[in-house]
Structures are given as structure tokens and as C-alpha cells.
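Structure record follows, encoded as C-alpha cells.
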Amino acid sequence: MCGIVGYTGQNPAANILVTGLKRLEYRGYDSAGVALAERDATGTYTLNIIRRVGKVSGLESELNGHSSTSTCGIGHTRWATHGRPTQANAHPHISCDGRIAIVHNGIIENFAELREELIQRGHHFSSDTDTEVFAHLIEEAYEGNESSGIPATHKLLDALRIACTQVVGAYGVAAIAADEPGTIAVARKDSPIVIGRGEHGSYVASDVIALIDATRDVVVLEDGQFALLTPNKIIYTDDQGTPIEPAVTHIDWDIDLAEKAGYPDFMLKEIFEQPRVVRDTLVGRLTGAGELDIDELGLSFEELNLVDRVYVIACGTSYHAGLIAKNLIEAWARIPCEVEAASEFRYRNPIITPSTLVVAVSQSGETADTLAAIRDARIKGAKVFGVTNVVGSPVARESDGVIYTKANKEIAVASTKSFIGQVVSLTLLAMLLGQVKGKLTTGQTRMLFRELGDTAEHIQTILDTQQQAIQSAATACKDAPSALFVGRGMGAAVSNEGALKLKEISYLHAEAYAAGEMKHGAIALIEPGFPVIAVATKSAVYDKVLSNLKECEARGAKIIAVATEGDHEIEAIADYVIYVPPTREAFSAITATVPLQLLAREVARLRGCDIDQPRNLAKSVTVE
Ligand code: M6R
């Protein structure tokens, strides 16, 4: 959550910071700000702090009114945790004398005690944030070091290191000081930081996407490492101040990933990438002998064969991918599988034995609740398998094995292509467990694998042919105060994802219900015109879904159905039908989800909502 960026070099810093912040805005957009080291006519440096509530565009307009010549600065885009989204709480935060400024991602858990102590020592606070203590702690250490003989260019870094020893929690932090113009000190613990050298200077950010225009060779700072950036070089140290030479990672993904490439929003672009995600996630996963090959599995077949219980733990959309996995794991491997919100799992006392497999699903690989649940499960003796989209993310690092979803960078806050990557990956895991348990033959596996691959083409067909039907359906329900999503089996799992998508980007209330449960209460909501969105693809329970829809129709519901191509029976009940190509029921979740993503997006568009950056949300949820 939140995004940080910093630059020191030969070019004006303000534009570089704003461009970087725009790229990071998906991580939070409650407020944005920069600190620029400015030199006045007398040659004295001061820090110019400019902050605005709201999106980076507001900050950009403000900066356009300043004629900054600064070539060194730091910037931040915030998702509020401690303190409301006000200008006072926006980063950068400054020391009492205004000569040190910092930007921070993460949470300082002991900020209340630190703040109290700092106030007693005479510091003045101007925000409600946890972050501000960092600025004052650096200030103290900086002044305290004045007489210690530390060379001037290293003072800020030393002060930052001292401040880090006092702070408990997570941080990615960048600091500048008016007395050390042209330098940026950086530290990391449990919050990502990447650093790189470009042709015209040195860059730091919380995500590589902010500096990819300048360089593709970056250092991913490890926990406990520090860096001092100057225009011409970067020094890295460990937490004792000893110089280190960290590994350089080459970023090979295409810059187009950071751009909309002609689409009106990232969400639509990412929905259209889904056929590619299916194909990429499957590449190299089946051997010539018909065996599944998950090279980052990290668990032996013997260990997998011992598994007698599976928990899938995840949050939000990733949790819904888990609901689909449960159906497949139980069907193909005959292993009991529970799906649990990571935020619940971590505070329960679930039954875990050495033969329990915990599958942690997270697009970002940094969701705080999922990470905490992984740690808890491992302490209790479970094997943990991660499913994530981010190579080297904490979920990948802290799991025994991992499968990457190959969705590539997802920028829209609402997950779409990463969900499809998760479902495909979890389907592979279910097939693997089925093989290991002797329930699926290699012949069956080959057939399933081929049909799973066919879903790429099915998604393309939906994208090519169903836009008009989706637009009509969206127009019909855009003004409804509420909607129900219903289905059975796989359809029930998919309904959850459909309802979440609609809620988060269109702000329409929506609820998912197992269709057979409607008659036990929720059907009371239905009155003439009430939208019921049904996943009614052909399956073993198709007739049952149809009966449930008839009950809704009888009460005047407006029915939008996602149905299988060639099904004309549904047209007699549904007001709007969106067709998907026929697939095996096991794979219907992949195809049926796509129209629901498009429907939610179209409703949001018609309602004039911000599709990529819905209110109150952020892409990665790194707080509890
Ligand atoms: O990065 P993760 O998959 O762990 O994120 C989990 C949820 O925060 C995420 O899926 C969220 O629900 C999305 N906004 C859904 O579109």
C-alpha cells in the first residue's frame, strides 16, 4: 500500500517524481506529495514540501505552478492507515526544523510510545500518522551525530540507520536532508524497495514500474539493507553500515505493461489479456509422459502423497479462486479441502498436522493477512504452497513451494487476469494432487490439460462476441440499488467473484447466494425489476439452477444469465443472456467469470465511476 519514489541526478526532479507517482498510484490515492531540495539565490538549500489530498493529478497541477529547479526529491502516494486522508497527514513528513523529509510505506507498530517520548523531548508533531515519528527520530540521530566525526555525506544514512533500530514494524523509507543536497537515504524492512541507476541519475521506488523508463537493471533491497543515492553513484550497506554489493536484477517485461495501450482503462486491458494468461500459465507444465511439472513445487511427491487435508487461505478475489479450487481438489484428489479468509484463519486454532497442506493464494504476494496466516501455518507444522503473481514476493519466499500465475503486472485495483491465472494454477495443483493420489491417470490428465488450454480460446470468443449483450445487461441494472448473484456448484463460487467485482468498482450493493439457498430468506428481497445475475452454464445442477431462477422470475426479478452457447431454454426465463462456449463443468468457472468482469466494468463505466482506482481501495493490502 502507498507508493514511494525518489530521484537525484542532473534533471529536474519534480516531473520525474510525478511520472513515477502516477505509475504507483494503483497502490493508494488518498493523497500525494513531494519534497524537493531547492537552492536559493544565496546558495542555501531548503526543503520544499508540496502535498495535496486526492490523486497525483492534483499534485501535478500544483507543481505546474512552481518553477522548481530541484534535481533531488522524494515523493509519495498514500493509502490512509493512521490518520484521515488530509493534507496534514499526506507524506512527505518533516522534522521539527523542516530540514529532513521522509516518505514511508508500512506500519510503525510502536509509534504511539515513540511519539510520546519524542514529544517529551520537545518535538512537535503536525500529523496523526505513524510515519512522522520516523522524521523526528532521524532528526535526533542526525543532530546527535553532528560531533561524531561522521563524514557529511554519510550523516543522513547513519541517522536513518539509528532511527531504524528504534522502530518496530514494517518500512520502506526514503529520506532527504537540506544539509546534504543531492543525497537520498533509503532503508527497507518488510516493505518493498527497488533502486536503480539511469543515464541521468539515481532512482528509488517501491515498485519497479516507477523507474522502468530509466533503467531495467535494479537492486531489490533486502530486509535490513540500506542505500545512499547520489547523482553519480549508489552505496549499499548492511544494518551495521558495512558496504555490500547486492545482486542486480534485470527486468525483462515490456514497458507496455505500464501503459493502457489504447484501452480506456487498465481493467479492460487486463481482461483482454486473459487468453494470454491462460496460455502462459500452462507453458511447460505437462511432460511428454503426461505428468504435471511444477518446477517450483518445493514438495516431493512422497510429501504430497501424505497430504490428508488442504486449507486454501487467501483474501478477496484470491479467496474466490480458492472456492473454485476446493471443488477441483475434492473432485480429483478426494482430499478434504477448506477455504478460509486468511484474516480469520490466522486468529483461529485450525487443525493442522504435518500432513496438512496450506495453499496460500495472493496476487501481490504481500497481503498482510495471508502472510501472517502462512507464518502461523508453518509454525504449526503445515507445508505451505504459494500461488502468486509476483516473483520473489514474500508469499513466494515464505512458502515451501510456489507456482507463479504468469498474469504479469496487474495495475487495475480490481483483480481480473490474476484471478484467471490463479484458477488455472490451482487447477494444475488439483490435477497434480489427483495424479499423486492415484486418482487421475496420465491419459485423463492429458485430456484435462488440453481442455484447460482450450479455455484461452473460449475467453477470446467471449471477448469477441458478447460485448453487446453485456452492454444491454449493464444498462438494465446500472441504476438498481442492489443485485443478487446466484449459482450452484462452480456457479456459486463464481457468483462470489461477480458480486465482489460489481461492488468494488460500481459501488452497487451486490451479494452472492447459492441459488438453492434463496428460498430460505434472500428471495424476500425480490420485487419487480430486482436484478438477479445467474451463472447458469450447463452442468450437473443446471436444471436446479433453472428452477431457482423460475422462482425469481415469478416474483418479477430482472434476470441476467450467463449461459452456455446453444442453450435456448434459458431465453424463456432470462431477460438478458450472455453466452459462453461449452466447457467441462470443472473449467466453467474460467469462462463464466469473464462476462461478470465485463458486466461490472460496464456498469461502473455507465455510472461514471473510476474503474481502475475505486474509492477507499488499494491494490496491495499490507495492513491487517
Ligand atoms: O494480492 P492479493 O491477491 O493477496 O489481494 C487480495 C485482495 O486484496 C484482492 O483480491 C482484492 O479483493 C481485489 N480488490 C479484488 O479485486
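Kindly state, as a whole number, the per residue volume in cubic angstrom of the convex hull around the alpha carbon atoms of the stretch 208-294.
Numbers: hull volume 14.8 nm³, N = 87.
Residue-normalised Cα hull volume stands at 171 Å³.
Taking the alpha-carbon distance from Lys260 and a cut-off under 29 Å, which lysines remain once sequence neighbours fewer than 8 residues away in the same chain are dropped?
Of all the lysines, those that pass the test against Lys260 - Cα under 29 Å, at least 8 places apart if same chain - are Lys22, Lys55, Lys269, Lys406, Lys409, Lys417, Lys478, Lys501, Lys503, Lys619.
Need one number: nm distance between label points at Asn349 and Asp239, each 7 Å from Cα along Cα→Cβ, rounded to one decimal.
That separation, rounded to one decimal, is 3.2 nm.
For a protection proxy built on the mean count of beta-carbon atoms within 10 angstrom, sort 477-484, 423-430, 436-443 highest first, please. Show your work: numbers first, answer last.
On the way: 477-484: 17.5, 423-430: 27.1, 436-443: 14.9.
Ranked by mean Cβ neighbours within 10 Å, highest first: 423-430, 477-484, 436-443.
With charges only on Cβ, +1 for K and R and -1 for D and E, what is the dipole size of the chain about its Cα centre, in debye, rounded to 20? Before the final figure, lay out each step's value.
Numbers: 57 positive and 79 negative charges, 214 e Å.
With only Lys, Arg, Asp and Glu charged at Cβ, the dipole is about 1040 debye.
How high is the FRET efficiency from Tyr507 to Asp97, r the C-beta distance, R0 41 Å, rounded to 0.05? Please report the intermediate quantities before stating the final value.
Numbers: r = 44 Å, r/R0 = 1.07.
Once rounded, the FRET efficiency stands at 0.40.
Tell me the mean residue ellipticity at 222 nm calculated for the chain from its helices only (DSSP H runs of n ≥ 4, each -39500 (n - 2.57), averaged over every residue, nearest 500).
Details: 18 runs with 220 residues, N = 624.
One gets -11000 deg cm²/dmol as the mean residue ellipticity at 222 nm.
How big is Rg to Rh over the stretch 2-259, alpha-carbon atoms, Rh as the Kirkwood inverse-mean-distance radius?
Numbers: Rg = 16.6 Å, Rh = 17.8 Å.
Using Cα coordinates only, the ratio equals 0.93.
Could you tell me whether the stretch 30-107 comes out rounded, prolate or oblate from its Cα gyration tensor? Rule is a ≥ b ≥ c as square roots of the eigenvalues, rounded for a/c under 1.5, then prolate if a/b exceeds b/c, otherwise oblate. It would help to have the intermediate numbers written out before the result.
Details: a/c = 2.50, a/b = 1.48, b/c = 1.69.
Oblate, because a/c is 1.5 or more while a/b does not exceed b/c.
Over what distance in Å are the Cα centres of the stretch 172-229 and the stretch 387-410 separated?
Answer, in whole Å: 23.
What is the stretch 466-606 by shape, rounded, prolate or oblate, if you read a ≥ b ≥ c off the alpha carbon gyration tensor as root eigenvalues and call it rounded for a/c under 1.5, prolate for a/b larger than b/c, and oblate otherwise?
In terms of gyration-tensor shape, rounded.
Where does the Debye-calculated log10 I(q)/I(0) of the stretch 51-163 sit at q = 0.22 Å⁻¹, using only Cα point scatterers of equal weight, no solvent?
So the normalised log intensities work out to -1.26.
To the nearest 10 degrees, how steep is helix 316-332 against the longest Cα principal axis of the chain, on a 0 to 90 scale?
40
Along the stretch 413-426, what does the Karplus equation 6.51 cos²θ - 1.76 cosθ + 1.60 (θ = phi - 60°) give for ³J(HN,Hα), rounded to whole Hz, x for Gly and Pro?
5, 6, 6, 9, 5, 5, 4, 4, x, 5, 5, 5, 5, 5
Which of the peptides 588-594, 244-250 is most tightly packed, and how do the rest follow, judged by the mean count of other Cβ atoms within 10 Å per residue? Let's see the in-between values first.
On the way: 588-594: 27.7, 244-250: 11.4.
Put in order of decreasing packing, that is 588-594, 244-250.
May I ask you to compute the full-extension gain from Met447 to Ile119, defined as 0.36 nm times their residue separation minus their alpha-carbon distance, rounded to one decimal in nm? Working shown, then result.
On the way: separation 328, 0.36 × 328 = 118.08 nm, distance 6.79 nm.
Taking Met447 through Ile119 to full extension adds about 111.3 nm, to one decimal.
Whole-Hz Karplus ³J(HN,Hα) for the stretch 271-283, in order, using 6.51 cos²θ - 1.76 cosθ + 1.60 and θ = phi - 60°, x for Gly and Pro?
Karplus values, whole Hz, x for Gly and Pro: 4, 6, 7, 4, x, 5, 5, 4, 5, 5, 5, 8, 4.
With all protein chains present, calculate the accessible area of His568 using a 1.4 Å probe and round the result to the nearest 10 Å².
Surface open to solvent at His568 totals about 120 Å².
Convert each backbone phi in the stretch 290-301 into a coupling constant with the Karplus relation 6.51 cos²θ - 1.76 cosθ + 1.60 (shift: θ = phi - 60°), then list the ³J(HN,Hα) values in order as whole Hz, x for Gly and Pro.
x, 9, 7, 10, 10, 5, 9, 4, x, 10, 6, 4
State to the nearest 20 debye the size of the charge dipole of the stretch 434-509 about its Cα centre, where the only charges are +1 on K and R beta carbons and -1 on D and E beta carbons. Walk me through the intermediate numbers first.
Working: 8 positive and 7 negative charges, 82 e Å.
Here the size comes out at about 400 debye.
Ignoring ligands, DNA and RNA, please state the percent of accessible area on the stretch 466-606 from carbon and sulfur, probe 1.4 Å.
Values: 2470 of 4970 Å².
Heavy-atom surface of the stretch 466-606 belonging to carbon and sulfur, 1.4 Å probe: 50 percent.
If you count, for each residue, the other Cβ atoms within 10 Å and average over each peptide, how do 114-127, 384-397 line up from highest to lowest? Write out the running numbers ahead of the final one.
Values: 114-127: 14.3, 384-397: 23.1.
Peptide ranking by packing, descending: 384-397, 114-127.
Tell me which of Ala32, Ala178, His123 sits at the most positive position along the dipole axis of the stretch 2-259, charges placed on C-beta atoms (Lys, Arg +1; Asp, Glu -1).
Result: Ala32, furthest along the dipole toward the positive end.
Full-extension gain between Arg555 and Arg607, please, as 0.36 nm times their residue separation minus the C-alpha to C-alpha distance.
Roughly 16.0 nm would be gained on extension.
For the pair Val623/Asp217, report the inter-label distance in nm, with labels modelled 7 Å from Cα in the Cβ direction.
That separation, rounded to one decimal, is 3.9 nm.
Pairing the Cα long axis of helix 467-477 with the longest principal axis of the chain, what angle in degrees results, from 0 to 90 and rounded to the nearest 10?
80
Carbon and sulfur atoms: what percent of the 1.4 Å accessible area of the stretch 221-374 do they account for? Don't skip to the answer; put the middle values down first.
On the way: 3340 of 6610 Å².
Result for the stretch 221-374: 51 percent of the exposed heavy-atom area is carbon or sulfur.
With an 8 Å Cα cut-off and a minimum separation of 6 or more residues, compute the relative contact order for the chain in percent.
Relative contact order for the chain comes out at 11 percent.
Is the C-alpha gyration tensor of the chain telling us rounded, prolate or oblate? Criteria: a/c under 1.5 is rounded; beyond that, a/b larger than b/c is prolate, otherwise oblate. Intermediate results must be reported in sequence, preceding the final value.
Details: a/c = 2.18, a/b = 1.71, b/c = 1.28.
The shape class here is prolate.
Provide Rg over Rh for the stretch 354-438; use the alpha carbon set for both Rg and the Kirkwood Rh (inverse mean inverse pair distance).
On the way: Rg = 12.9 Å, Rh = 13.1 Å.
Ratio value, two decimals: 0.98.
For Thr44 and Glu143, calculate 0.36 nm times their separation in residues minus their Cα-Cα distance, and state this gained length in nm to one decimal. Walk me through the numbers on the way to the answer.
Values: separation 99, 0.36 × 99 = 35.64 nm, distance 1.87 nm.
Contour length minus Cα-Cα distance gives 33.8 nm.
Using only Cα atoms, find the angle between the long axis of helix 588-606 and the longest principal axis of the chain, and express it within 0 to 90 degrees, rounded to the nearest 10.
Roughly 60 degrees, rounded to the nearest 10.
Under a 1.4 Å probe, what is the accessible area of the stretch 2-259 per residue, stated in Å²? Don't jump to the answer; show the numbers that get you there.
On the way: 10050 Å² over 258 residues.
I get 39 Å² per residue for the stretch 2-259.
Which order do you get for Cys164, Cys315 if you rank them by accessible area with a 1.4 Å probe, largest at the top? Each step should come with its number before you reach the end.
On the way: Cys164 15, Cys315 45 Å².
Per-residue accessible area, sorted high to low, gives Cys315, Cys164.
The values are calculated or read from the model by the stated rules, or taken from the named source; none is laboratory data. The structure displayed is predicted, hence computed values, not measured ones. Positions of Cβ are backbone-derived with ideal geometry, glycine not excepted, and every protein chain shown enters the neighbour counts. What goes into the accessible areas is simple: the full protein's heavy atoms, side chains included, and nothing from ligands, DNA or RNA. Shrake-Rupley method; radii C 1.70, N 1.55, O 1.52, S 1.80 Å.
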